[in-house]
Every structure is written in structure tokens, then in C-alpha cells.
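A short write-up of the structure that comes next.
The values are calculated or read from the model by the stated rules, or taken from the named source; none is laboratory data. All values derive from a computational prediction rather than experimental measurement. Please note: Cβ atoms are built from the backbone with ideal geometry, for glycine as well, and neighbour counts cover all protein chains shown. In case anyone asks, the SASA skips ligands and DNA or RNA and just uses the protein heavy atoms, side chains included. Shrake-Rupley method; radii C 1.70, N 1.55, O 1.52, S 1.80 Å.
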Amino acid sequence: MTQAPRRPALGIDVVSIFPDYLSPLDLSLIGKAREDGLLDVRVHDLRDFTHDRHRTVDDTPYGGGAGMVMKVQPWAEALDHVLAQGNPYAAKPRLIVPGPGGQPFTQALARELAQEPWLAFACGRYEGIDERVYEHAREELGLEVSVVSLGDYVLNGGEVAVLAMVEAIGRLVPGVIGNAESLVEESHEDGLLEYPIYTKPSTWAGRPVPPVLLSGNHAAIAAWRHEQRLARTAARRPDLLHASHAPGAEGGPEVEISAATPGDVPELAVLMRACWVQEAVANGTLEIPALHESLDDVRAGLEQTQTWLARSAGRLVGAVRTSVPPGRPDEWLIGRLCVVPDLQGRGLGRRLLEHAERAAPDGIRTFVLHTGARSEGNLRMYKRAGYRRSADAAPIAGAVTLTKRRR
Ligand code: JD8
């Protein structure tokens, strides 16, 4: 099995008048990732780019007012220096400037920044940085500049924010977190908070661990954990819950799921082509049946399976189909589950999966489905839904079989 080529190190430059403030990045997982070459973090002292005896980086604000403002010249030279050092994987860094008025820092933004090859962070102090530094970075240096806030409270400078952002971004770089699996069910990863966790002893001070967790019944454990996540989110962060679980949230106005009819065939063919191109890219193969089906094949599919469609304000936004595999009367094969690219990650796939499961007739004991071995997003969603890898071969090369016992 050839090793996937290791992703080049994520380059991170940080400029601050308190470089020692960033020394926690030498420790723990981020520190190890730097030793392992997964992250290349460089911290620069802004005062190194001053030329006066007092190494001055600030001055009084034009127009009056309290406090001091950081001067343009040291920042301009510091940015020139960072760019001049270069990065083997990118011509220019994306510049992140923490500020209380910036766009909120979120897990989604962390995921986005973790995809970048080179990030630079400018830590302000005092009342902030002269506005012309932002203009110079954008217009003269041609950098993408983002002002980002850690949260709705006031800090004394950008260093604490950079510590948090570098940790949240760095741990998403492949290989930094030993068991990438553990990233799957984290809070904010999918809009729900985490479930409660326990370890030995199974009873402490008369307090038992919830019995389901000792049952070995993966499906029941997955279901309990999902319910706990919903309950916690409703209690602590209803704003998140509304976003991910309110009816219609998946696609704006109401999303209705209904049985497909022959009239839906043309749209369904387009939807499946769009979604399986994505799978083909992820899995590096075009040998995927959905990509080679004619309209007649899709029409036949409607006759041989129960096909369900999700529509939002009339727009076809998702689909799934179900059938009993020949010779396996107690299995429910769930297939062709797909969601339009612009609405993925909002729970519609999970809703279609639950609908397909609920549609199973009596006598069905096991749900079965197949997906690409490298379809990370799908595998995460199915794992959260209680599915586990099966030794059974999948119908096509590069795919895997997942099963779940019906509760
Ligand atoms: C950068 C200077 C201090 C801010 C006058 C207090 C982020 N969530 C956040 N809260 N505060 C910051 C932040 C604060 C900063 C700087 C980030 C640079 N200050 C200033 C304006 C009011 N003092 C932040 N991210």
C-alpha cells in the first residue's frame, strides 16, 4: 500500500513585540508537529525592524484620543522580511491580523486556513495598528489580508488570539493529531457539541457509567451519543441547534423528502453525475457506475429500488435509494445517497440516511451501504450514524462496505 505523499509543512510566521508570548507553541502537539516537520512556525520580533535607539514601534494617534498606535514603518519592514524569507510551497502568505472587530474565528475558518500552505499572523498591541499597514499589505504586497476575532471580548493584544488560532489550525493538519478519527465527533465539527465521556472505574462514588457504554452495541452507543449531543447542544448552544437541526435549515426553505417518479429522472441523472464527479476526484477513479448511467439506466433504477428525493422550494437537492439485495432478505441496501455540493455539511445527508433506514420493512436486520474508501466526509457521517466497516467486499474497486445492525 503506497504511502500517501506527505503534505508539505504548513508554514506559519508570527510577528509580535512579545515573541516570548508565543513560546507555548514549542510545547505539546504543536511543538511535536514542528519537530516532525508538519508545521514550520517562525516567530519574529517587530522591534528588530526599528532603527532608533528606543526601538520605537508606537506613537500618538492622529486626531487625538487615548492610547498609542503602532507605526507603519516597522510593520512594513517586518512584512518585507517575512516575504523575503519565502516559503517552498507558496509565493505569498495569507495574512491574518487578529482584532476585536474582525470576522469570527470558527472551526470552519480553522479548516479553511489549515488548507493554506503559508500563513502569517500580525500581533497588534496598544490601540491597534496604523490602517495603512493593512492597505500596504493588500495593495503593494498583494496579500490576502483577513482581520479575525477570537471572540466578543477585549484582549490587550493579538498574541493570545494567535496562540489559539495556530493550535486550532495546526491540529487539523494531517498527522498532527495521532488519531485523526478523534477529530470526527468534536464539537463545532458538525454543528453539535460533544457527548459526555467516561473512563474507568465503571462506578465511582456510587456513580455508574451509563450502561449503554458498557454494552458493546455500537449502534446503540452511536445513537445514545447522538442524542446526548443534541440534548447538550439544545441546552448550552441552542443557536447551533437551530442552525443544524431546524426544519428547512439544510437548504433554506423547507426540504421535503418524497418518493421519486419517472418525471424526476432527468434531474436525478444530473444530480448523481454532479455528486459522483466529486467522489471520482476524491477516490481517483472514474469507474463509478453512477457516472456511466444513461437516462434509461436511471429510469430502471427507479423500478428496481425505492428512490427518495429531497426538494427545497422545488429544487432537487438530494436523493437516496433503498432495496433488498438478491438472496439477502434481511438486509436493506442503502445507496446513491447524495446532496448537492452547495448544501453539503448541513445534516441533509444524515436526514436522508435516517429516512432510508425508517423506510425499511419488517424483517430487515442489517443496513448495508457502500462508499469510496477515500470519501472522508461520507465515512465520517456514516461513522457518526453508527455504521462500521464490514469485511464484505464492495461491488467496485476502491469502495468499502459499511453495515449497521437495525435497532
Ligand atoms: C488584537 C490591540 C487591544 C483592542 C483597545 C484594548 C482578537 N477577540 C479579541 N479581543 N481583543 C482582541 C485584540 C485586541 C487587540 C489587538 C486583538 C491589538 N488590541 C486593543 C481595541 C481596543 N485595545 C481580539 N483577535
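Pick out, from A114, V57, A137, the residue whose Cα sits farthest towards the positive end of the charge dipole of the chain, with +1 on the Cβ of Lys and Arg and -1 on the Cβ of Asp and Glu.
Comparing the listed Cα positions along the dipole, A114 ranks first.
Once the mean 1/r over all distinct Cα pairs of the stretch 190-240 is inverted, what Kirkwood radius in angstroms do you read off?
12.0 Å
Multiply the residue separation of S23 and D152 by 0.36 nm, subtract the distance between their alpha-carbon atoms, and state the gained length in nm to one decimal. Before the final figure, lay out each step's value.
Details: separation 129, 0.36 × 129 = 46.44 nm, distance 2.50 nm.
Using 0.36 nm per residue and subtracting the Cα-Cα distance, I get 43.9 nm.
Separation between the E144 and D80 pseudo-spin-labels, each 7 Å from Cα along Cα→Cβ, expressed in nm?
Taking the simple label geometry, E144 and D80 are separated by 2.6 nm.
Can you give the calculated 222 nm mean residue ellipticity of the chain, where each DSSP H run of n ≥ 4 adds -39,500 (n - 2.57) and the sum is split over every residue, rounded to the nearest 500 deg cm²/dmol?
On the way: 11 runs with 123 residues, N = 407.
Computed ellipticity for the chain at 222 nm equals -9000 deg cm²/dmol.
Quick test of your reading: applying the under-4.7 Å Cβ rule, which cysteines of the chain are isolated?
Those would be C123, since no other cysteine Cβ in the chain comes under 4.7 Å of theirs.
If you stretched the chain out fully between A259 and R388, how much longer would it get, using 0.36 nm times the residue separation minus the C-alpha to C-alpha distance? Please list the in-between numbers first.
Numbers: separation 129, 0.36 × 129 = 46.44 nm, distance 2.76 nm.
Residue separation times 0.36 nm, minus the Cα-Cα distance, leaves 43.7 nm.
Does anything in the stretch 141-164 have its amide N under 18 Å from the 7 Å Cα→Cβ label point of D239, and if so which residues?
What the label zone holds, given the 18 Å backbone N cut-off, is 148-155.
Go ahead and collect, in residue order, the members of the stretch 278-311 whose backbone nitrogen is under 18 Å from a label point 7 Å along the Cα-Cβ direction of R406.
Residues passing the 18 Å test: 305-308.
Give me the one-decimal nm value for the distance between modelled label points at Y89 and R47, 7 Å along each residue's Cα-to-Cβ direction.
Rounded to a tenth, the inter-label distance reads 3.4 nm.
Round to the nearest 10 and give me the degree value, 0 to 90, for the angle of helix 295-304's Cα axis relative to the longest principal axis of the chain.
Approximately 60 degrees, to the nearest 10.
Magnitude of the Cβ-charge dipole of the stretch 20-118, K/R +1 and D/E -1, about the Cα centre, nearest 20 debye? Display every interim value, and only then the final one.
Details: 10 positive and 14 negative charges, 32 e Å.
Taking the Cα centre of the stretch 20-118 as origin, the dipole is about 160 debye.
Give, rounded to the nearest 20 debye, the magnitude of the charge dipole that the chain has about its Cα centre when Lys and Arg contribute +1 at Cβ and Asp and Glu contribute -1 at Cβ. Let's see the in-between values first.
Numbers: 45 positive and 52 negative charges, 367 e Å.
For the chain, the charge dipole is close to 1760 debye.
On a 0 to 90° scale, report how tilted helix 72-85 is relative to the longest principal axis of the chain, with both axes built from alpha carbons and the result rounded to the nearest 10.
Roughly 60 degrees, rounded to the nearest 10.
If each of Q304 and Q103 carries a label point 7 Å out from its Cα toward its Cβ, how far apart are those two points in nm?
With each label placed 7 Å out from Cα toward Cβ, I get 4.5 nm.
Along the stretch 143-152, what does the Karplus equation 6.51 cos²θ - 1.76 cosθ + 1.60 (θ = phi - 60°) give for ³J(HN,Hα), rounded to whole Hz, x for Gly and Pro?
Result, ordered by residue: 8, 7, 10, 10, 8, 10, 10, 6, x, 7 Hz.
Accessible area of the chain with a 1.4 Å probe: how many percent of it is carbon plus sulfur?
Values: 11530 of 21350 Å².
Taking all protein chains in place, the chain shows 54 percent carbon and sulfur surface.
How many Å² of accessible area per residue for the chain, probe 1.4 Å? Don't skip to the end; give the middle numbers.
Numbers: 21350 Å² over 407 residues.
Heavy-atom accessible area per residue stands at 52 Å².
For the stretch 255-405, what does the alpha-carbon gyration tensor say about shape, rounded, prolate or oblate, given a ≥ b ≥ c as the root eigenvalues, a/c under 1.5 as rounded, and a/b over b/c as prolate? Write down the numbers at each step before the final one.
On the way: a/c = 1.29, a/b = 1.13, b/c = 1.14.
Verdict is rounded for the stretch 255-405.
Report the Cα centroid-to-centroid distance between the stretch 355-382 and the stretch 25-77 in angstrom, as an integer.
What the calculation gives is 51 Å, centre to centre.
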